[in-house]
Amino acid sequence: MTTKRALISVSDKAGIVDFAQELTKLGWEIISTGGTKVALDKAGVDTIAIDDVTGFPEMMDGRVKTLHPNIHGGLLARRDLDSHLQAAKDNSIELIDLIVVNLYPFKETILKPDVTYADAVENIDIGGPSMLRSAAKNHASVTVVVDPADYAVVLEELADAGQTTFETRQRLAAKVFRHTAAYDALIAEYFTAQVGESKPEKLTLTYDLKQPMRYGENPQQDADFYQKALPTEYSIAAAKQLNGKELSFNNIRDADAAIRIIRDFQDRPTVVALKHMNPCGIGQADDIETAWDYAYEADPVSIFGGIVVLNREVDAATAEKMHAIFLEIIIAPSYTDEALAILTTKKKNLRILELPFEAQEASELEPEYTGVVGGLLVQNQDVVKERPADWKIVTKRQPTETEATALEFAWKAIKYVKSNGIIVTNDHMTLGVGPGQTNRVASVRIALDQAKDRLDGAVLASDAFFPFADNVEEIAAAGIKAIIQPGGSVRDQESIDMADKYGIAMVFTGVRHFRH
């Protein structure tokens with residue numbers, strides 16, 4: 001009986017010595033290369049050097065060692081074709097029935113803060129993917145292992161039957177093609193960025209499974225949570241969970257919306273409460289406890305069962321107040337020990353997340369991907385840096401100093417309200433939110449109704465222009481004296497005239513913030 005041969009060449013050496021030792025006990029010969037051969041030899045595992053198989057030395061700093069017919073012929077020869085087997089015999093090519101290969105650490109290399117272009121290029125594996133693809137193509141006969149997690153099942157099947165099952169080989173081949181595709185996608189992403197290509201003709205993305213989910217948006221929907229292969233630090237995918245049960249599909253969507261909102265409020269302690277992808281309360285103050293008070297007071301009904309994100313460390317006093325109500329998720333840059341003890345007392349399900357808020361700016365560079373049937377929409381995030389000095393006051397009445405501060409606050413907050421979006425605020429908290437209506441006047445009415453009895457000194461923001469002056473008339477009837485909106489409607493003058501009629505100050509920003 002011909003001795004079977006395995007080729008082992010791995011950068012991740014976890015478990016490889018034990019695997020190779022078991023193979024040799026089962027009578028397999030092992031071909032190996034470079035550092036893997038050194039590790040196996042040191043452990044007392046007999047190995048055959050790759051250059052003894054190819055008849056050529058490893059050369060060009062290791063760039064050329066496995067790219068040879070004696071390797072790829074041994075992997076690709078079909079065992080069911082006499083012509084292939086005869087060709088192998090005629091050319092003294094010995095068959096290789098199993099390979100264990102993983103690739104140069106390209107991802108780990110480019111994640112280094114001081115990585116050079118030359119280092120990145122040198123860590124692009126050529127021989128490894130070539131061998132993996134050859135073996136995976138010939139999975140009818142060859143077992144190919146790229147993941148140490150598969151060592152056990154391969155050894156078990158070899159011990160039981162002398163070979164792996166076709167089903168196992170097919171499954172491992174599928175994993176290989178996913179692995180090499182992801183590897184190439186990272187390389188493509190790196191080079192695309194290096195050359196400054198903003199609209200590549202092929203979009204290559206790769207993500208790693210982070211969490212299989214119980215269900216998706218609804219119980220009848222299957223779902224999984226994937227994380228970027230090059231993780232974004234300021235993201236729910238990278239958040240450190242300190243307490244609570246696993247995040248659900250809707251939790252993740254809502255939490256992502258919440259941490260986007262608070263990025264625009266870095267200058268002062270701020271708390272954002274969110275429900276169903278819309279802010280239900282935003283509060284700003286000189287300390288985080290007072291900011292919480294304002295966010296809670298904004299809508300003490302909607303905050304129940306909501307998500308709260310705070311942009312300063314959570315202290316004991318703030319934790320006591322949050323602990324008193326039912327919340328799904330709390331997100332912050334840090335928590336005092338006392339605060340964490342308070343929040344976790346009798347609340348084993350409360351999800352508490354910690355995020356590096358110092359990485360917020362880098363997260364703004366990441367594109368947004370929106371799936372549609374049969375396609376994918378890609379856009380940059382709505383993170384335009386606006387300057388109030390560039391805004392235009394279009395009415396006779398000028399905003400007061402307090403109103404001007406409130407208008408800036410309102411304009412930051414409206415950006416994240418679903419269109420058609422209206423928000424009513426003062427200079428430190430939201431008072432009424434009218435999200436997602438099919439006409440703007442309905443959104444105005446919802447926001448005003450929610451803010452009623454608290455309109456003294458309030459201002460109103462609209463995510464897009466007013467198409468008709470009836471919006472301004474509704475606002476005037478409520479007693480609001482300052483409005484901020486993008487402008488840009490063919491009927492702008494009608495809205496301006498209506499504002500002048502009622503003595504309202506109106507500011508045009510020139511920028512709209514649709515959020516579908």
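Observations, loosely collected:
- Other residues lying with their Cβ under 10 Å from the Cβ of Phe177 contribute a combined charge of +4, Lys and Arg counting +1, Asp and Glu -1.
- Neighbourhood net charge (13 Å Cβ-Cβ; Lys/Arg +1, Asp/Glu -1) for Ala339: -4
- Scattering from the range 16-99 was approximated by placing one identical point on each alpha carbon and applying the Debye formula without solvent; log10 I(q)/I(0) at 0.11, 0.20 1/Å stands at -0.34, -0.97.
- Counting DSSP beta bridges with both ends in the chain, the antiparallel % (nearest 5): 55
- Span per principal axis, largest first, for the Cα atoms of the chain (Å): 98, 53, 45
- Highest mean packing first, where packing is the average number of other Cβ atoms within 10 Å per residue, the peptides 10-16, 286-292 line up as 286-292, 10-16.
- For the chain, with +1 on Lys and Arg beta carbons and -1 on Asp and Glu, the positive-most of Ala316, Ala451, Val372 along the dipole: Val372
- Local net charge near Met498, Cβ-Cβ under 13 Å (Lys/Arg +1, Asp/Glu -1): -3
- Heavy-atom surface analysis with a 1.4 Å probe gives the chain a carbon and sulfur content of 51 percent of its accessible area.
- For the range 297-339, the per residue solvent-accessible surface stands at 38 Å², with DNA, RNA and ligands left out and a 1.4 Å probe.
- For a straight C-alpha distance cut-off of 17 angstrom, the lysines reachable from Lys452 (same-chain residues fewer than eight places away being disregarded) are Lys481.
- Packing-based ranking of 231-239, 118-126 yields 231-239, 118-126, ordered from highest to lowest mean Cβ neighbour count within 10 Å.
- For the pair the range 303-364 and the range 14-51, the centres of their Cα atoms are 50 angstrom apart.
- Prolate/oblate/rounded label for the range 398-516 (Cα gyration tensor, a/c 1.5): rounded
- Peptides ranked, highest mean first, by Cβ atoms within 10 Å: ranges 193-205, 398-410: 398-410, 193-205
- Toward the positive end of the charge dipole of the chain, with +1 on the Cβ of Lys and Arg and -1 on the Cβ of Asp and Glu, the farthest Cα among Ala140, Ala6, Ala120 is that of Ala140.
- In the chain, Cα pairs under 8 Å separated by at least six residues give a relative contact order of 8 percent.
- Accessible surface, the range 32-175, averaged per residue in Å² (probe 1.4 Å): 51
- Cα gyration tensor shape of the range 264-423, rounded if a/c is under 1.5, else prolate or oblate by comparing a/b with b/c: oblate
- In this structure the range 437-516 gives 45 Å² per residue of accessible area when probed at 1.4 Å with all protein chains present.
- Separation of the range 240-266 and the range 443-515, taken as the distance between their Cα centroids, equals 31 angstrom.
- Aspartates and glutamates whose Cα lies under 14 Å from that of Lys415, excluding same-chain neighbours fewer than 8 positions away: Asp264, Asp382, Glu386, Asp463
- Long pairs among Lys199/Lys392; Lys107/Lys412; Lys13/Lys107; Lys107/Lys210, criterion Cα-Cα beyond 27 Å: Lys199/Lys392; Lys107/Lys412
- Spatially proximal lysines relative to Lys4 (Cα-Cα < 21 Å; intrachain offsets below 8 disregarded): Lys25, Lys37, Lys89, Lys137
- Rounded to the nearest 20 debye, the dipole size of the chain about its Cα centre is 960 debye, using +1 on the Cβ of Lys and Arg and -1 on the Cβ of Asp and Glu.
The values are calculated or read from the model by the stated rules, or taken from the named source; none is laboratory data. Because the structure is a prediction, the values reported are computed rather than measured. Quick reminder, even Gly has a Cβ in these numbers, built from the backbone with ideal geometry, and neighbours come from all protein chains shown. Note: accessible area is taken over every heavy atom of the protein model, side chains too, but ligands, DNA and RNA are not part of it. Shrake-Rupley method; radii C 1.70, N 1.55, O 1.52, S 1.80 Å.
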